Amino acid sequence: MSKARRDYFITIPDDGLLTRDVGQWAEQKYRYIGMYADLFSTGMKNHWKRRVYLDLFSGPGHSRVRGTRRVVLGSPLVALTLRDLFDTYVFSDADEASVEALEARVARMGHHDRCRFVTGDVNHRVDEIAAHIQGAVGERALSFCFLDPYGLNIHFDTVRRLATGRDIDFLILLALHMDAARNARAYQATGDKRIEHFLGDPVWREQWGNAAERGATIVEFLAEAYSARMAALRYLPMPLDQMVKIRSYDKNLPLYYLAFFTRHKTGLKFWKEVLKYANEQLELPLDGS
């Protein structure tokens, strides 16, 4: 990766349309997403006829930094500022107003023709989303999917259905501190299916009991269990210590992990480059600051 500075936390004027509040720590998330998408799209443009970017909790495309008047591009529009654009973009969100605002912003950028929009719960619209990945008959696509749920509300079956028979890398927000750790007691109650859907495993409680006896925390258990489930789909191992921990800026509390999954050494090489330079970029002052 070139060490030339590239900002992925991009300040823009407020256009009056719907925005979504984010913490200042979202800067880290957008940089990891932007850097990987940049490397992926440029690095693969001469190797694949179709490159597809999926952002499946996309939001409205603009984010307001909480406690400030600063508005920045959200992850879907960051992906539309890359030097080498993907051939197809698939954006999805459960909130209809967010999808409408995003569609208006995409049209204003002049990229509407290459973008597809799906409104509804991703877990219920996965077949429609998957249909947008495919191109002409017999033409394979290489895809990068960013999953940015607000909690443990992405079903593993959704990930499995997207991954089966496709070449696709994932960057997944695992809300292991801000959801799992805070609600562990409720989720362990008989009849609660949140973690069962998250892991795609109806017998997870027995496994958690064994892990707890060994001294594991619920965060450690879920991270390891999720990585094992991805490994069963032939993804390379991603242990907890290789996931990116995002903390709050005010109290330095752990919030969530960014977990990267790929089946290919090239994808892992790109991700290692991102890890190498992301912190360096975060330490650089931004223009106008």
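Readers should treat all values here as calculations from the given coordinates under stated rules, not as data from a laboratory. Everything numeric in this text was worked out from a predicted model, so none of it was measured. Methodologically, a virtual Cβ is constructed for each residue, glycine included, from the backbone with ideal geometry; neighbour enumeration extends over all protein chains shown.
At a glance:
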| item | result |
| --- | --- |
| Beta bridges per DSSP with both ends in the chain, % antiparallel, nearest 5 | 35 |
| Relative contact order of the chain, defined on C-alpha pairs under 8 angstrom at six or more residues apart (%) | 18 |
| At most 12 other Cβ within 10 Å, DSSP loop - GluC sites (Glu not before Pro), segment 114-205 | GLU139 |
| Compactness of segment 147-238, expressed as Rg and Dmax over alpha-carbon positions, Å | 13.0, 38 |
| For segment 70-97 and segment 181-202, distance of Cα centres in Å | 31 |
| Entries in LYS29/LYS245; LYS29/LYS251; LYS45/LYS276; LYS245/LYS272; LYS49/LYS276; LYS245/LYS276 that, when Cα-Cα distance is taken, lie over 20 Å | LYS45/LYS276; LYS49/LYS276 |
| Rounded D (µm²/s) - segment 88-157, Kirkwood Rh over Cα pairs, Stokes-Einstein at 4 °C, 1.567 mPa s | 97 |
| Modelled FRET efficiency - R0 35 Å, ASP87 with ALA232, Cβ distances, 0.05 increments | 0.75 |
| Inter-label distance, nm, simple model (7 Å from Cα along the C-beta direction), GLU206/GLU100 | 4.9 |
| Efficiency of FRET between GLN134 and GLN242 - r from beta-carbon atoms, R0 41 angstrom, step 0.05 | 0.85 |
| For LEU233, LEU199, order by how many other beta-carbon atoms lie within 10 Å, fewest first | LEU233, LEU199 |
| Neighbour-count order for TRP48, TRP204, TRP271, fewest beta carbons within 10 angstrom listed first | TRP48, TRP204, TRP271 |
| Positive dipole terminus of the chain, leading residue within ALA186, VAL159, SER98 (C-beta point charges) | VAL159 |
| Cβ-based exposure ranking for THR81, THR164, in which fewest neighbours within 10 Å come first | THR164, THR81 |
| Cβ-based net charge around GLU128, under 14 Å, with every Lys or Arg adding one and every Asp or Glu removing one | 0 |
| Segment THR68-LYS276, length gained on full extension (0.36 nm per residue, minus Cα span) | 71.9 nm |
| Förster-model FRET efficiency, 35 Å R0, ARG214 and HIS264, C-beta, rounded to 0.05 | 0.60 |
